[in-house]
Amino acid sequence: MRLILFGPPGVGKGTQAKILSSSMQIPHISTGDMLREAVSRGTDLGKKAKAVMDAGQLVSDDIMIGIIREVLASERCSAGFILDGFPRTVPQAEALTKVLADLRVHLDAVLNLEIKDAAVIERLSKRVTCRQCGRIYNLAIDHLPDPLRCPNCGGELFQRDDDKPETVQKRLLVYAKSTSPVKEYYRKTGILFDIDAAGTVDQVNLDIRKALGQRL
Ligand code: AMP
């Protein structure tokens, strides 16, 4: 399966991508995670990306398309992939179509996760991620025994710099202006499925599986 998880920040793309990746045995390709790793390693890419990410803006299409071309052509993605956070602009979507055509493969589905802005702001203010295993928690829902420790692996939990309320507002504006039009790009191709992402993780996962069932 070759899938895109699409939707605004905080809608649950990363959480659902991790579940699907482990049950379907295909890699979860998160461009946000790749950029954060580059930032933490202090690479040239990381140095360029940090200020842009902290401001809630988008890293340039050229850089992102180069990254995705390389990863999708790698052996790791040969049996399928779940894209999370890419494409985020229409030029990125157009470039992805070309990359996939060059690789002689096609997308199976674009899952469009939808939620109200107020819920995004609420969710992101409570979102923490484990530095060690990458699991994502919501402090309002998950009732962790220790809000600083991952119950899965004991790693340190942290709040992303760009989840601060001012930056979240900016990211929502960027989503509405630059990313939302990507929906129409895929709707025309007939592989876009709208998913109500306001429910629980399990409910959303069930709805995704129902949508994918139509493609299997
Ligand atoms: P995410 O973890 O997907 O929310 O991404 C975090 C940040 O990384 C975004 O706010 C952007 O600054 C940057 N980023 C991730 N993916 C892309 C992309 N496809 N195009 C441009 N910027 C991106």
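Observations on the model:
- Distance between the 7 Å Cα→Cβ label points at Ile141 and Ile191: 2.8 nm.
- Beta bridge orientation in the chain: antiparallel %, DSSP, nearest 5: 25 percent
- Accessible surface of the chain, 1.4 Å probe, proportion on carbon and sulfur as whole %: 53 percent
- Selected from Cys77, Thr43, Asn205, residue furthest toward positive end of dipole (the chain; charges at beta carbon): Cys77
- Nearest-20 debye value, the chain charge dipole, Cβ charges on Lys, Arg, Asp, Glu: 120 debye
- Here the label points at Ser23 and Asp117, each 7 Å from Cα along the C-beta direction, are separated by 3.3 nm in the simple model.
- Relative to one another, the C-alpha centroids of the range 137-189 and the range 1-68 are positioned 12 Å apart.
- In this rough spin-label picture, where each label sits 7 Å from Cα along the Cβ direction, the Ser125-Ser78 distance is 4.9 nm.
- The range 117-212 - Rg over Rh from alpha carbon coordinates, Kirkwood radius: 1.03
- Listed residue pairs exceeding 23 Å between alpha carbons, taken from Lys47/Lys126; Lys13/Lys48; Lys98/Lys188; Lys116/Lys183: Lys47/Lys126; Lys13/Lys48
- For Asp194, residues with placed amide H under 5 Å, excluding near neighbours: Asn112
- In plain terms, the chain from Gln57 to Asp33 could stretch by 7.1 nm, reckoned as 0.36 nm per residue minus the Cα-Cα distance.
- For the chain, the solvent-accessible area with a 1.4 angstrom probe is 52 square angstrom per residue.
- Pairwise Cα distances in the chain exceed 28 Å in 25 percent of cases.
- Across all C-alpha atoms in the range 79-120, the radius of gyration and Dmax reach 12.9, 41 Å.
- Size of charge dipole - the range 48-173 - debye, nearest 20, with Cβ of Lys, Arg +1 and Asp, Glu -1, no other charges: 160 debye
The values are calculated or read from the model by the stated rules, or taken from the named source; none is laboratory data. On a predicted model such as this, the values are computed, not experimentally measured, just so you know. FYI the Cβ positions are ideal-geometry reconstructions off the backbone, even for glycines, and counts take in every protein chain you see. Calculation scope for accessible area: heavy atoms of the full protein, side chains included, ligands and nucleic acids excluded. Shrake-Rupley method; radii C 1.70, N 1.55, O 1.52, S 1.80 Å.
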